[in-house]
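Asks: Encoded as structure tokens, here's the structure I'll be asking about.
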Amino acid sequence: MSEADGFFGEPVAARYDETSAAISTPEAVDPVADFLAELAGGGAALELGIGTGRIALPLAARGVPVHGIELSRAMAARLQTRPGAQGIGVTIGDFATAAVGRTFALAYLVFNTIENLTSQEAQVACFANVARHLEPGGHFVIEVEVPPLRSLPPGQLMHPSIVTEGHWCIDEFDLVSQRGVSHHFTFRDGKVRHLPFPYRYVWPSELDLMARMAGMALEGRWGGWKREPFTADSRQHVSVWRKAEDE
């Protein structure tokens, strides 16, 4: 995730809350915070890629102590200016390797952030790092897309994922490496800006194997935060793994 501070530096951080407004409404956030608060069970939570606090702030408002890991200093600085952030600590670093120095009842990654780790090795390291930070019996939660490869016609490697008046996003896929690039084009004040975001898509079964390697087992998988069934047609999943109890 060493590239994240460049991709989520001050220009992106300054507009992040504006551009993520659609997923920051109470209707979008409350089910996430309720789900996570229930799993925390009165313990503390660690958010990997805490950003500007879209989830951390409402979770903390529910009485859950929250700490975050964030590589982008610009995003972390934005978080610290928001109401309710005073009790939220942030460790600056790569969430695949950064150490906080304590353990938690819950760790979580939301909104496809696991894909910001652009190699399988880094994603495996993330699971191992989470296991080091979890208490025995603690939970790890990931919200991530199901790779949308079914939408690709044979021979085509690009797919439009966002088409609005001021924002286009075209995803480009490398089917061999499982890497992709989201090409974001924004139209503002008569100017076009192109921001490419690299990522690595990952399958549910692959995540389960990473969890098993880190001493965690799948506890549940749903199609959304309201525990909708996960089916072959689900476009995302919310997965929960549990760390083994000490013997």
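The values are calculated or read from the model by the stated rules, or taken from the named source; none is laboratory data. Quantities reported herein were computed from a predicted structural model and do not represent experimental measurements. Using ideal geometry, Cβ is built from the backbone for each residue, glycine included, and neighbour counts are taken over all protein chains shown. Keep in mind that these areas ignore ligands, DNA and RNA; they rest on the heavy atoms of the full protein, side chains included. Shrake-Rupley method; radii C 1.70, N 1.55, O 1.52, S 1.80 Å.
Asks: Please compute the contact order of the chain in relative form: average sequence separation of alpha-carbon pairs under 8 Å and at least six residues apart, divided by the residue count, as a percent.
Replies: 16 percent
Asks: Something else about it: What's the ranking of 216-223, 174-181 by average number of surrounding C-beta atoms within 10 Å, highest first?
Replies: Going by the mean number of other Cβ atoms within 10 Å, highest first, we get 216-223, 174-181.
Asks: While we're looking at this one, here's another question. Find the accessible area per residue for the chain; the probe is 1.4 Å, ligands and nucleic acids are left out, and the unit is Å².
Replies: 49 Å²
Asks: Evaluate the charge dipole of region 44-124 about its Cα centre and quote only its size in Debye, nearest 20, assuming +1 on the Cβ of each Lys and Arg and -1 on the Cβ of each Asp and Glu.
Replies: 380 debye
Asks: Another question, then. From Cα pairs below 8 angstrom and at least 6 apart in sequence, can you work out the relative contact order of region 46-119, rounded to a whole percent?
Replies: Value for region 46-119: 35 percent.
Asks: Cut-off 10 angstrom, C-alpha nodes, Gaussian network model of the chain. Which of Val90, Val100, Val141 fluctuates the most?
Replies: Taking springs between Cα atoms under 10 Å, the residue moving most is Val100.
Asks: Turning to a different aspect of this structure: Have a look at Glu47, Glu228, Glu27 and tell me which one the Gaussian network model of the chain (Cα, springs below 10 Å) gives the largest fluctuation.
Replies: Glu27
Asks: Viscosity 0.692 mPa s, temperature 37 °C: give me the Stokes-Einstein translational D for region 176-221 in µm²/s, with Rh taken as the Kirkwood radius over C-alpha pairs.
Replies: D, rounded to a whole number, is 241 µm²/s.
Asks: With a sphere of radius 15 Å drawn around the Cβ of Tyr201, what net charge do the other residues whose Cβ falls strictly inside it have (Lys, Arg +1; Asp, Glu -1)?
Replies: For residues surrounding Tyr201, the net value is -3.
Asks: Quickly work out the Ala128-to-Asp34 label distance, labels modelled 7 Å from Cα along the C-beta direction, and quote it in nm with one decimal.
Replies: Result: 3.9 nm between the two label points.
Asks: So, one more: Roughly how many nanometres apart are two label points built 7 Å out from the Cα toward the Cβ at Asp174 and Ser119?
Replies: Taking the two extended label points, one gets 1.2 nm.
Asks: Label point 7 Å out from Glu27 along Cα-to-Cβ: which residues of region 229-243 have amide N under 14 Å?
Replies: none
Asks: Need one word for the chain: rounded, prolate or oblate. Basis is the Cα gyration tensor (sqrt eigenvalues a ≥ b ≥ c); a/c below 1.5 gives rounded, then a/b vs b/c decides.
Replies: It is oblate, given that a/c is not under 1.5 and a/b is not larger than b/c.
Asks: Which FRET efficiency value, to the nearest 0.05, do you get for Arg73 and Lys226 by plugging their Cβ-Cβ distance into 1/(1 + (r/R0)^6) with R0 = 35 Å?
Replies: 0.55
Asks: Mind telling me which of Thr118, Thr81, Thr164 comes out most flexible in a GNM of the chain, alpha-carbon contacts under 10 Å?
Replies: Taking springs between Cα atoms under 10 Å, the residue moving most is Thr164.
Asks: Let me ask you something else. Roughly what % antiparallel, to the nearest 5, for the DSSP beta bridges in the chain?
Replies: Of the beta bridges lying entirely in the chain, close to 70 percent run antiparallel.
Asks: Summing -39500 (n - 2.57) over the DSSP H runs of n ≥ 4 in the chain and dividing by its residue number, what mean residue ellipticity at 222 nm do you reach, to the nearest 500 deg cm²/dmol?
Replies: Helix-only estimate at 222 nm: -8000 deg cm²/dmol.
Asks: Leaving out ligands, DNA and RNA, what percent of the accessible area of the chain is carbon and sulfur, probe 1.4 Å?
Replies: 55 percent
Asks: According to a simple spin-label model (label point 7 Å from Cα along Cα-to-Cβ), what is the distance in nm between Arg62 and Met213?
Replies: Placing both labels 7 Å beyond Cα along the Cβ direction yields 3.1 nm.
Asks: Shifting gears a bit: Taking the Cβ of Ser161 as the center, what net charge do the other residues with Cβ under 11 Å away carry, scoring Lys and Arg +1 and Asp and Glu -1?
Replies: -2
Asks: Within region 99-115, what residues put their amide N at less than 13 Å from the label point 7 Å along the Cα-to-Cβ vector of Asp246?
Replies: 103
Asks: While we're on this one: Give me the number: length gained by fully extending Arg82 to Asp233, i.e. 0.36 nm times residue separation minus the C-alpha to C-alpha distance, one decimal in nm.
Replies: That pair, Arg82 and Asp233, stretches by 50.6 nm at full extension.
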